[in-house]
1. Would you check if there is a residue in segment 82-98 being touching a Lys or Arg at 6+ places or on another chain (Cβ under 6 Å) and part of a loop (DSSP other than H, G, I, E, B)?
2. Could you check segment 114-132 and list, in sequence order, the residues that are of a type in the set (Gly, Ala, Ser) and within 15 Å of Glu72 (Cβ to Cβ)?
3. Test Phe64 against the criterion of being surrounded by 14 or more Cβ atoms within 10 Å (Cβ to Cβ), part of a helix (DSSP H, G or I), touching a residue at least 12 places away in the same chain (Cβ under 8 Å) and among the aromatic types (Phe, Trp, Tyr), and give yes or no.
4. Which number in (1) over 30 Å from Val182 (Cβ atoms); (2) part of a helix (DSSP H, G or I); (3) touching a residue at least 24 places away in the same chain (Cβ under 8 Å) marks the one condition that Asp117 misses?
5. Anything in segment 233-243 that is crowded, with 20+ Cβ neighbours inside 10 Å and not in a loop (DSSP other than H, G, I, E, B)? List them, or say none.
6. Tell me, which residue of segment 141-185 that is aromatic (Phe, Trp, Tyr) and surrounded by fewer than 19 Cβ atoms within 10 Å (Cβ to Cβ) is nearest to the chain's Cα centre (by Cα)?
7. Looking at this structure, is Leu79 at pLDDT 95 or above and either assigned to a strand (DSSP E or B) or of a type outside the set (Gly, Ala, Ser) (or both)?
Amino acid sequence: MLSPDAVVDAVEAAGFRSDGRLLALGSYENRVFQVGLEDADPVVIKFYRPGRWSDEAIAEEHAFARELAAAEIPVIAPLEPANCEALGCGPVPVFGGFRIAIYPRRGGQWPELGTADDRQWIGRFLGRIHMVGAAGRFAHRGRLSVDAMGRQSVDYLLDSDRMADYIADRYDLVSGELLDLVEARFEAAGPLRKLRIHGDCHRNNVLWTAAGPHFVDLDDCMTGPAIQDLWMLLAGNAAEMRAQLADILEGYSQFANFDPVEITLIEPLRALRMIHYAAWLARRWHDPAFPLAFPWFGEVRYWERHVAELEEQLMTLEQS
């Protein structure tokens with residue numbers, strides 16, 4: 001367990017003098033806190049969920065963030081601890097058995113992206129990130145794939161016995177047909193350019209200030225196609241999303257090339273995310289924070305609705 005004293009002790013072990021003020025911040029995968037400092041702005045400390053990433057994968061996340069910051073891209077990179085010996089001098093700082101990262105605090109609001117100017121702005125932002133992302137490679141981060149996000153998620157859910165038999169039979173059938181079609185769409189798209197990307201780029205993971213958009217965390221950075229960082233920013237009906245994507249790509253293309261064939265992968269990627277999200281909740285259900293935050297997840301009606309949504313997504317793919 002992370003007590004308030006342990007959180008403050010970790011910040012002070014890194015070389016910062018805390019004034020004792022502590023605020024827990026919203027995060028499901030990790031434990032994140034804002035900690036006040038004496039005579040300085042607060043910092044944010046992240047305690048990584050044990051077992052989720054290797055030291056090497058976390059070190060690549062930190063290195064990517066610092067690479068982007070060095071290119072003057074508004075991504076908040078972790079601070080270098082002043083006291084290496086107190087936190088271990090390995091690839092990732094460690095305190096009390098937890099891998100940690102400490103960041104300067106940066107505020108902001110979730111973006112509405114309600115205007116063409118805002119959408120072009122975030123397109124330029126992502127284009128700059130991908131320009132840097134294409135210049136190097138991850139060796140230890142995950143790779144976006146139908147198997148990792150789709151088939152492994154389906155296997156986990158079916159093995160977990162979370163669904164009633166009559167729902168599990170429907171789920172097995174529709175998920176299999178859906179993933180077969182998703183794989184066919186990826187194959188039809190041909191070889192894709194894979195680069196270092198944010199990986200989980202939806203509006204809740206972007207903060208916006210008068211200076212524009214920024215990310216405070218690259219916890220899910222991975223290797224994948226550029227479209228993965230674009231499609232989750234879209235909202236509305238098909239015509240509205242096409243117009244939004246055109247605006248984003250107008251800004252994006254000022255800094256990075258985009259292969260239009262990747263647009264055909266938006267609905268396949270949506271299908272993968274729907275499947276992966278349900279499995280993510282199931283994998284984390286032992287964490288006490290998850291039943292509190294998602295009380296509907298264990299209900300039969302959730303699974304009935306989830307399977308119905310997968311069936312609708314299968315129809316969308318078949319008709320597109």
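1. Restricting attention to segment 82-98, the residues satisfying the condition of being touching a Lys or Arg at 6+ places or on another chain (Cβ under 6 Å) are 92.
Applying the additional criterion that residues be part of a loop (DSSP other than H, G, I, E, B) yields 92.
Yes, segment 82-98 contains at least one residue that is touching a Lys or Arg at 6+ places or on another chain (Cβ under 6 Å) and part of a loop (DSSP other than H, G, I, E, B).
2. As a first pass, look at segment 114-132 and keep what is of a type in the set (Gly, Ala, Ser): 114, 116, 123, 127.
Hit for segment 114-132 is Gly127, nothing else.
3. On the way: surrounded by 14 or more Cβ atoms within 10 Å (Cβ to Cβ): yes; part of a helix (DSSP H, G or I): yes; touching a residue at least 12 places away in the same chain (Cβ under 8 Å): yes; among the aromatic types (Phe, Trp, Tyr): yes.
Yes: the conditions hold for Phe64.
4. In the conditions (1) over 30 Å from Val182 (Cβ atoms); (2) part of a helix (DSSP H, G or I); (3) touching a residue at least 24 places away in the same chain (Cβ under 8 Å), Asp117 misses (3) alone.
5. Start the filter on segment 233-243 by keeping residues that are crowded, with 20+ Cβ neighbours inside 10 Å, which leaves 233-234.
The one that is crowded, with 20+ Cβ neighbours inside 10 Å and not in a loop (DSSP other than H, G, I, E, B): Leu233.
6. In the first step, residues of segment 141-185 are kept if they are aromatic (Phe, Trp, Tyr); the result is 156, 166, 171.
Filter once more, so that each one left must be surrounded by fewer than 19 Cβ atoms within 10 Å (Cβ to Cβ): 156, 166.
On the way: Tyr156: 20, Tyr166: 33 Å.
Here the residue is Tyr156.
7. Numbers: at pLDDT 95 or above: no; either assigned to a strand (DSSP E or B) or of a type outside the set (Gly, Ala, Ser) (or both): yes.
In short, no.
Here's the yes/no breakdown for (1) farther than 30 Å from Arg128 by Cα; (2) surrounded by fewer than 20 Cβ atoms within 10 Å (Cβ to Cβ):
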site	(1), (2)
Pro225	no, no
Leu230	no, no
Ala278	yes, no
Ala289	yes, yes
Val300	yes, yes
Glu309	yes, yes
Glu312	yes, yes
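The values are calculated or read from the model by the stated rules, or taken from the named source; none is laboratory data. The structure displayed is predicted, hence computed values, not measured ones. All Cβ positions, glycine included, derive from the backbone under ideal geometry; neighbour counts span all protein chains shown.
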